[in-house]
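To start, the structure itself, in structure tokens.
The values are calculated or read from the model by the stated rules, or taken from the named source; none is laboratory data. All figures in this text were calculated on a predicted structure; none of them were measured in a lab. Glycine also receives a Cβ, built like all others from the backbone with ideal geometry; neighbour counts cover every protein chain displayed. For accessibility, only protein heavy atoms count, side chains too; no ligands or nucleic acids. Shrake-Rupley method; radii C 1.70, N 1.55, O 1.52, S 1.80 Å.
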Amino acid sequence: MMHTPKNNALRTNYTPFCPWAGILALLGGVALAACQWLIFVYAPVEATLGLPQKIFYLHVPLAWWGMLSFFLTFVASALYLKHGTPRWDMLAESAAEAGLLLAGLALVAGSFWARASWGVWWIWDARLTTTLIMCFTYAGYLIIRRLDMPEMRRNKVAAVVGIVAFLDVPLVYISSRLWSFIHPPSVQLDSDMRLVMWLCVGACSFFWAGLVTLRFSLAATERTLNTLTAQQLAAQSAKE
């Protein structure tokens, strides 16, 4: 009779599903739905752009939480290289996927803003260009995670890329100040507009947390299934 080694048993010690993931995502969805009333009813219409300015209330939270996701990938990647704990590797991947989604949506929202404000869908402004590079960089990071190579080596390579890729994130933030072109470094808001913006940022935080937690749970489940499958195959080989 085969006994599962203790070290393999420890590797499956991950929670396959976190109930908080669904709760956070649900709270985020409800909060974002409530924010639509704040955006289109409570917040005043901006004098210059009119209704298209209201894209701002979603564009900013998407961009901020996307960059925060990449910061989380940076931290988790560094901790993985230091400790070698799979949890940090899974967290880095989960945060990168969420960040790429949010940053991509921020670019799309920004394109609608650009069309209304500048008359074009896209322009090679410093902020837009560095953001696009950031998205391509993290897309490459996720591609590396799917390469056919030994798991430990692949994870370490991805962790290094996750750290190096973060160099572009602060550059995105300061790009409009370093190279002033057309994207404003900041936007002047009255008190009501500022309140709505921060409420939208807060609402998006629940959605972001739920998204990352849910993706982490899926990664933990996948790792558990892979480990159990490998143990089963090893046991069958030993019997033969």
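Could you state the angle between the C-alpha long axis of helix 56-83 and the longest principal axis of the C-alpha atoms of the chain, as a value from 0 to 90 degrees rounded to the nearest 10?
On a 0 to 90 degree scale, this one is about 30.
Rolling a 1.4 angstrom probe over the protein chains, ignoring ligands and nucleic acids, what is the accessible area of H59 in square angstrom, nearest 10?
40 Å²
Considering lysine pairs in the chain that are 8 or more places apart or on different chains, how many have Cα atoms under 29 Å apart?
4
Over the heavy atoms of R115, what accessible area does a 1.4 Å probe trace out, to the nearest 10 Å²?
So the heavy atoms of R115 present about 110 Å² to solvent.
Does the range 33-141 come out rounded, prolate or oblate, given a ≥ b ≥ c as the square roots of the eigenvalues of its C-alpha gyration tensor, rounded meaning a/c under 1.5 and, failing that, prolate meaning a/b above b/c?
Oblate shape, in that a/c is at least 1.5 and b/c is the bigger or equal ratio.
In the full protein assembly as shown, how much of V160 is accessible to a 1.4 Å probe, in Å² to the nearest 10?
V160 has an accessible surface of roughly 70 Å² with all protein chains in place.
Between the range 25-63 and the range 155-195, what's the alpha-carbon centroid distance in Å?
Between the Cα centre of the range 25-63 and that of the range 155-195, the gap is 20 Å.
Using Cα atoms only, what is the angle between the long axis of helix 126-144 and the major principal axis of the chain, expressed in degrees (0 to 90) to the nearest 10?
For helix 126-144, the angle is close to 10 degrees.
Apply the Karplus parameterisation 6.51 cos²θ - 1.76 cosθ + 1.60, with θ equal to phi minus 60°, to every residue of the range 156-167 and state each ³J(HN,Hα) to the nearest whole Hz, in sequence, with x for glycine and proline.
Working through the residues one at a time gives 5, 4, 4, 5, 5, 5, x, 6, 5, 4, 5, 4 Hz.
What are the ³J(HN,Hα) values, in whole Hz, obtained from phi via the Karplus relation 6.51 cos²θ - 1.76 cosθ + 1.60 with θ = phi - 60°, for each residue of the range 41-51 in sequence order, with x given for Gly and Pro?
10, 6, 5, x, 7, 5, 5, 7, 8, x, 4
Are there chymotrypsin sites (Phe, Trp or Tyr not before Pro) in the range 116-216 that DSSP marks as loop and that have at most 16 other Cβ atoms within 10 Å, and which are they?
Those satisfying the criteria are W118, W121, W122, W124, W179, F181.
Can you sort T130, T229, T85 by solvent-accessible area, 1.4 Å probe, largest first?
The ranking, largest first, comes out as T229, T85, T130.
For a test of the definition: using alpha carbon positions, the gyration tensor, and the 1.5 limit on a/c, classify the range 98-167 as rounded, prolate or oblate.
It comes out prolate by the Cα gyration axes.
Work out the charge dipole of the chain with +1 on the Cβ of Lys and Arg and -1 on the Cβ of Asp and Glu about the Cα centre, then indicate which of Q188, G119, L81 is farthest towards its positive end.
After comparing all options, I get L81.
Please check: in the Gaussian network model of the chain (C-alpha springs, under 10 Å), which one of S111, S191, S175 has the largest mean-square fluctuation.
Of S111, S191, S175, the most mobile in the Gaussian network model is S191.
Would you compute, from DSSP H runs of 4+ residues alone, the mean residue ellipticity of the chain at 222 nm, taking -39500 (n - 2.57) per run and dividing by the full residue count, rounded to the nearest 500?
-26000 deg cm²/dmol, from helical runs alone.
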